[in-house]
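Heads up: the structure comes next, in structure tokens.
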Amino acid sequence: MLERAAELALLTSAAERLWQGEGGVAIVAGEAGIGKSTLLDSFLSALPDGSRVLRGWCDNLVAAHPLGPIREAVRGRPGSLSAGAGLDAALAGGDVPGVLAGLSESLAHGRPAVLVIEDLHWADDATLDVLAYLCRRRDRLRTLLVCSLRPEDSSSSALRRFLGGLPTRTPCGSTWRR
Ligand SMILES: Nc1ncnc2c1ncn2[C@@H]1O[C@H](COP(=O)(O)OP(=O)(O)OP(=O)(O)O)[C@@H](O)[C@H]1O
Ligand SMILES: [Mg+2]
């Protein structure tokens, strides 16, 4: 991978703080094809063995499935998150309060988690609500949230509101971090 050392170092240091108990948020922003997912692949593959990683993707759907990326992240890695029956049912039913309760319960126990949500510019509103909730509780839930997005497609009011509510940003190339 070429010319991504600074961004990779930022993500890695956020992960190191996570292992010490400090949550975080990182936004990997860049135009289509610039290498956001490749950067995230490198970051994730360098995490210690056994790291708790959840990764989901938003899709360019006319009618985005509410909570689709969260569902994919939770279900993608059996064993990464001890998702109880309550969380499964809440995800299946699009029950946002139930998802918040179930996710909080799961994240608060066990190892710290790296939650990667890709292509946030296509996120449904319910997904953004869940992520905003987790961000505000990132230390208590020992969660590092990492999102990729294309700035040129990020003009929706719901997404701007989500981004505006994030902690202070430190820009670094195409990556911002807390
Ligand atoms: N740092 C890099 N050095 C060399 N090749 C790269 C680098 N980053 C990405 N690529 C190549 O560029 C292509 C696009 O990368 P990638 O899918 O990561 O982009 P993206 O930003 O995630 O795009 P999208 O917005 O469509 O999701 C891939 O073929 C990948 O192998
Ligand atoms: Mg990508």
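Summary of values
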| quantity | calculated |
| --- | --- |
| Summed side-chain charge close to residue 85 - residues other than residue 85 whose Cβ falls under 15 Å, Lys, Arg +1, Asp, Glu -1 | -1 |
| Among beta bridges that DSSP assigns inside the chain, antiparallel share in %, nearest 5 | 25 |
| Extended-chain gain in nm, criterion 0.36 nm per residue less alpha-carbon gap, residue 47 and residue 12 | 11.8 nm |
| Mean separation of Cα contacts under 8 Å (6+ apart) over length of the stretch 5-177, as relative contact order % | 35 |
| Order of 125, 49, 59 under a 10 Å beta carbon neighbour criterion, fewest first | 49, 59, 125 |
| Per-residue Cβ neighbour rank within 10 angstrom, fewest leading, 135, 147, 58 | 135, 58, 147 |
| Exposure proxy order (Cβ contacts within 10 Å, fewest to most) of 121, 109 | 109, 121 |
| Under 17 Å from the residue 65 label point (7 Å along Cα→beta-carbon), backbone N, the stretch 107-123 | 117-120, 122-123 |
| The chain - Kirkwood radius from inverse mean 1/r over Cα pairs (Å) | 16.1 |
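Quick note: the coordinates plus some simple rules give every number you see, no bench work behind them. Just so you know, these numbers come straight off a predicted model, no measurement behind them. All Cβ positions, even for glycine, are placed from backbone atoms using ideal geometry, and neighbour counts span all protein chains on display.
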